[in-house]
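Scroll down for the structure; my scribbles are underneath it.
The values are calculated or read from the model by the stated rules, or taken from the named source; none is laboratory data. Model, not experiment: these values are computed from the prediction. Glycine also receives a Cβ, built like all others from the backbone with ideal geometry; neighbour counts cover every protein chain displayed.
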Amino acid sequence: MTLLDIAKNQWARVDRVEGDAAVRLRLMEMGFTPGECVRVVAASPFHDPIAVNLRGTLFALRAHEASCLHICPMD
């Protein structure tokens with residue numbers, strides 16, 4: 001399951017970061033590391049881009065970046 005698959009305002013935990021080296025490095029430098037909690041705040045009609053809350057900071061991620069973030073939903 002990737003970040004694109006969860007509903008708006010649902011919390012999830014980052015399980016792993018995949019993709020090519022440049023995208024993976026960029027996401028991890030922004031703080032999207034395994035174990036971090038994220039929440040999708042808003043999404044455009046076609047999910048490109050989406051707004052994500054991570055540690056109190058709002059990030060805009062493109063669909064190909066969000067698809068690199070594999071997550072585990074939280075209840």
* Scope the stretch 9-26; condition closer than 21 Å to MET74 by Cα and either of a type in the set (A, V, I, L, M, F, W, C) or under 10 Å from the mean Cα position of the chain (by Cα) (or both); matching residues -> TRP11, ALA12, ARG13, VAL14, VAL17
* **Failed condition for ASP20, given (1) charged (D, E, K, R); (2) out of contact with any helix residue (DSSP H, G or I) (no Cβ under 7 Å at 6 or more places or on another chain); (3) touching a residue at least 12 places away in the same chain (Cβ under 8 Å)** => (3)
* Structure fact -> Of the residues in the stretch 38-69, those that are surrounded by fewer than 16 Cβ atoms within 10 Å (Cβ to Cβ), within 11 Å of the chain's Cα centre (by Cα) and among the β-branched types (Val, Ile, Thr) number 1
* Structure fact -> Checked against (1) at pLDDT 95 or above; (2) within 16 Å of HIS70 (Cβ to Cβ); (3) of a type outside the set (Val, Ile, Thr); (4) in contact with a Leu (Cβ under 9 Å, 6 or more places away or on another chain), GLY19 satisfies every condition except (1)
* To do: Name the strands (runs of 3 or more DSSP E) wholly inside the stretch 14-75 in which the number of residues that are among the small types (Gly, Ala, Ser) is 2 or more.
  => 37-43
